[in-house]
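To keep things clear, I will list the structure first and then write my remarks on it.
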Amino acid sequence: MDWYRKVLRKRRSAIPVDDDLETVAERKKRWRSIYAIYFTMFLMSLGFSIILTGVWPYLDKLDSTAGKEFMGWVIAANPLGQMLFSPLVGWWGDKRGSIRLPLLSTLALFTFASGMYSILEVVPGDKKMYMVAARFLVGVSSANIAVARSYLSAATKFVERTHAVSMVSLAQVLGFVVGPGLQAAVTPLGEDGVYFLNLPVNMYTMPGWINVIMGIVNFILFLPWNFTEHRIAIREAMRDEGKQTEEETWKAIMPDHLGAWTLIGAFFVLVFNFVLIETLGTSLTMDQFEWSKSEALYYVGVLLSIGAVISCITFVMIEPLCKRFNERKVLFWGGLMFMVIGRILCIPWGPDPPKIAYLGPFNNVTKYPNGTEILGCPSTQEWCTYTPRVTVTQFLIGYLFTTTGYPVGVTLIQTIFSKVLGPRPQGVWMGLMTGAGCASRIFGPVFVTIIYTRYGTYHTFGITGLTLIVCMLWLQIVDKRLIPPQATVSKLKHKEPDADIPLVQSTSNDDQRPNGARESNRTRESDKV
């Protein structure tokens, strides 16, 4: 009964009421526009990940001479386009003072490029270069993440921003992990599939058609009768800081630049390591476990789908964990440490090297005379002959740690990042973090495919694990810099006493304390969050 009364009181206190910034009806419309941003972020991540497990066999089908190293360039083309065009699309949105036209234009390009990817089988010419072009255009279209994050920052109050950033992280992570699951779901279509209106529909092209359908839906969401922009952040900041202009408000509280850049670097390292699994998942399992193309697509897709479920469960656990422990500790031990363990567990434990697949002197023999597929680690990869194999058990356990640590890390990095920046518009800084994620998705696939193909599993998992360890050490060194600006939080304590945000207790004697005492108090109070 007591529990029911607490829940009832909580629900009553959560009933929205009008305030001096907006009415209840305006708040509902504002959040409806934010939900459209969530879907866009999900779709842009999905557009990248949905082809990852199928890109190698699809590329091999289109051009058997392309090779795995070229596959790395195909995967990297998407984030390269996003990284190059994110500043331009962001500038376009700022220049217009509206995000509608940039979003509609990029979503139309996303739909076109996804369809282009799906018709490569019937297009004459150099198919592998057309694949790179299609993935590059998808990346250009996903540059709309810059204006989406900018709008999210402008359309949320300070007390809502942590929740909003967390939900964006959830949307992106779900996009990353749901994509391979959709690829696995269409595997029964087979390599040949069917033709609909003279267009190929098979297990390689269907992911592109799924993107086309969802891109059209996303386009409709941003038409004028469905989407209205609401910019409330600057009005709230001017009210809370008691300033008359936006410039005065932004200058009142300066972010800790070292802490902000540290989190951007940590975000790069985390995404770099997560892309490793999605990039190498198919080819690694084919080499190490002697799986065929269809088996690798299906089982890796199922594994990543299970990872999506684990990620959702992990997201639910983040909030109660952060209420019990400091956010930075949860990031360190629950996010980065789990990722490190995942890398260590993937270092080969097997007693013998994997089965060798002899593909002929020119690496072009993929089937035996009876038509069955040649399985195993290609003979052209010299390390296959002496490096122990990765066992299925250690691969699964390592993936379990990775898929648990990644959502914790990526969510809390962005959440802490938002708090460190304070109550200022965060479009530029969020754009920098987006760029860091793009850079990791560019260099990650190229790096890991080259290292894996030439040097093997020891170097691949050893080097990536080392990057995580260095990141953890640096985060420990600058730990006290990852704290929200004290002045702003103290002001908000008095202005929004019921807000669900970290409140830093202060007294009138704080300014008379020695610097060390004030810093110690600041750290202790922030650790209570």
Residues of region 375-407 satisfying the condition of being β-branched (Val, Ile, Thr), within 26 Å of the chain's Cα centre (by Cα) and open to solvent by less than 10 Å² (accessible area, probe 1.4 Å): 402, 403
What's the number of the only condition in (1) under 15 Å from the mean Cα position of the chain (by Cα); (2) within 21 Å of residue 135 (Cβ to Cβ); (3) not aliphatic (A, V, I, L, M) that residue 166 fails to meet? (2)
Across region 296-309, what is the total count of residues that are at pLDDT 80 or above and surrounded by 18 or more Cβ atoms within 10 Å (Cβ to Cβ)? 6
Matching residues, region 455-482, being outside any helix (DSSP H, G or I) and of a type in the set (A, V, I, L, M): 478, 482
Assess whether residue 362 counts as being modelled with pLDDT under 80, open to solvent by 60 Å² or more (accessible area, probe 1.4 Å) and not basic (Lys, Arg). yes
Say whether the condition of being outside any loop (DSSP other than H, G, I, E, B), open to solvent by less than 30 Å² (accessible area, probe 1.4 Å) and in contact (Cβ under 8 Å) with a residue 24 or more places away in the chain is met by at least one residue in region 188-197. no
I'd like the residue in region 7-36 that is at pLDDT 55 or above, of a type outside the set (Ser, Thr, Tyr) and in a loop (DSSP other than H, G, I, E, B) and, out of all such residues, is surrounded by the most Cβ atoms within 10 Å (Cβ to Cβ). 22
If you check 115, 125, which single one turns out to be out of contact with any Gly (no Cβ under 6 Å at 6 or more places or on another chain) and in a loop (DSSP other than H, G, I, E, B)? 125
Selection count, region 227-276, where residues are closer than 21 Å to residue 419 by Cα, at pLDDT 70 or above and either touching a His at 6+ places or on another chain (Cβ under 7 Å) or of a type in the set (Asp, Glu) (or both): 2
Note on region 463-481: residues open to solvent by less than 10 Å² (accessible area, probe 1.4 Å) and farther than 15 Å from residue 336 by Cα are 478
Among what's in region 37-95 and is in a loop (DSSP other than H, G, I, E, B) and open to solvent by 10 Å² or more (accessible area, probe 1.4 Å), pick the residue that is modelled with the lowest pLDDT. 67
Is there any pair linking a residue in region 442-462 that is more than 27 Å from residue 142 (Cβ to Cβ) and open to solvent by less than 10 Å² (accessible area, probe 1.4 Å) to one that is among the hydroxyl-bearing types (Ser, Thr, Tyr) and not in a helix (DSSP H, G or I), with Cβ under 7 Å and at least six apart or on different chains, and which? 456/387; 457/387
Report whether or not residue 313 is among the β-branched types (Val, Ile, Thr) and open to solvent by 20 Å² or more (accessible area, probe 1.4 Å). yes
Determine the pairs where a residue that is within 18 Å of residue 275 (Cβ to Cβ), located within region 298-312, has a partner that is outside any helix (DSSP H, G or I) and open to solvent by less than 90 Å² (accessible area, probe 1.4 Å) with Cβ atoms under 6 Å apart, the partner being 6 or more residues away or on another chain. 300/53; 301/53
If you check residue 133 against the conditions, is it modelled with pLDDT of 80 or more, open to solvent by 10 Å² or more (accessible area, probe 1.4 Å), closer than 22 Å to residue 442 by Cβ and not polar (S, T, N, Q)? yes
Candidate set from region 350-359 (those that are open to solvent by 30 Å² or more (accessible area, probe 1.4 Å) and modelled with pLDDT under 80); member that is farthest from the chain's Cα centre (by Cα): 358
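The values are calculated or read from the model by the stated rules, or taken from the named source; none is laboratory data. The model shown is predicted, which means the values in this text are computed figures rather than measured ones. Reconstructed Cβ throughout: ideal geometry from the backbone, glycine too, with neighbour counts over all protein chains shown. The accessibility values were calculated without ligands, DNA or RNA, using every heavy atom of the protein model including side chains. Shrake-Rupley method; radii C 1.70, N 1.55, O 1.52, S 1.80 Å.
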